[in-house]
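What follows is a short report on a single structure.
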Amino acid sequence: MCRAIAAQSIVHASIENSLRTFRRPPRSSGSWTSKADDCIAILEKLLLRWRALHSAVLLAAPFIGFNYPGASKKVPELWNWVLKYTDPSKTSLITRRATFKLLKDASRDTENDVEFLSSWGLLNPTVAALDDKKAFFKTDFHAKFYCGMSADSVEILVGSFNIHEGTYVENIHLLRYSFEEFKKRYLLGMKMFFEMDPLAKRRSVLEIAVQGGQVTRCQEVEYSGSLARK
């Protein structure tokens with residue numbers, strides 16, 4: 001949970017092709033039945049994609065890891081995995097209070113001890129937001145969805161998959177919505193609200209084109225929303 005673990009800045013190039021398997025027309029569904037380990041690999045690629053292409057990332061995960069004997073020791077590792085592939089400045093994590101307590105208990109007296117890192121100001125900002133007394137927890141939800149959000153569009157991975165490893169069979173869908181439609185279908189039901197201005201904020205990205213193992217173009221491009229050209 002140390003801040004250094006997740007403080008990795010990505011000046012990202014074109015990764016549009018990183019998910020060729022998932023290319024679908026807007027607002028269509030790709031549905032897969034997959035093992036939990038495969039879902040982790042899929043979400044990993046999506047987190048990298050959203051970190052580069054979208055203004056914000058929202059992770060709604062009621063459960064991260066398992067609390068049965070022998071499995072809880074993997075909980076800090078799973079949290080670190082989430083933090084490694086997300087940017088704290090643009091990521092919001094919604095979970096249950098009991099899930100966060102499981103992390104604190106499992107990490108106690110280890111290098112990832114949440115309370116110790118917090119006392120030294122070294123806690124990852126995403127986790128620190130949950131450690132705050134005013135943290136937003138949802139105790140009455142079982143919905144699992146992970147998304148990259150911008151003012152113009154939202155990409156969302158939704159299904160039965162909580163963040164855990166194993167050979168459990170899961171069902172997942174990759175969908176694309178306008179932000180307004182996403183808000184109606186997901187955010188309102190969760191009683192969650194986002195300001196639009198940060199989602200539409202312009203930013204500069206280093207765009208790199210590679211062909212045959214050689215860089216053919218490298219330029220700074222200004223984008224707004226989901227990297228729509230100015």
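Restriction of the GluC sites (Glu not before Pro) in the stretch 91-185 to DSSP coil positions whose beta-carbon has at most 15 other beta-carbons within 10 angstrom yields E111. Cross-link check: pairs K73/K138; K104/K144; K35/K90; K35/K201 evaluated at a Cα-Cα cut-off of 30 Å; pairs beyond the cut-off: K35/K201. Averaging the Cα positions of each part gives two centres, and for the stretch 136-175 and the stretch 108-130 these lie 25 Å apart. Length, then width, then depth: along the principal axes, the Cα atoms of the stretch 28-201 run 45, 37, 30 Å.
Spin-label model, K138/W120: points 7 Å from Cα along the beta carbon direction are separated by 3.4 nm.
At full extension, D197 and A129 could sit 22.4 nm farther apart than now, given 0.36 nm per residue minus the alpha carbon distance.
Which loop-located trypsin sites (Lys or Arg not before Pro) does the stretch 85-190 contain, where loop means any DSSP state but H, G, I, E or B and the Cβ has at most 12 other Cβ atoms within 10 Å? Within the stretch 85-190, the qualifying trypsin sites (Lys or Arg not before Pro) (loop, at most 12 other Cβ atoms within 10 Å) are K133, K134.
Computed from the coordinates by the stated procedures, all read-outs in this text should not be read as laboratory data. Note that this is a predicted model, so its numbers are computed, not measured. Glycine also receives a Cβ, built like all others from the backbone with ideal geometry; neighbour counts cover every protein chain displayed.
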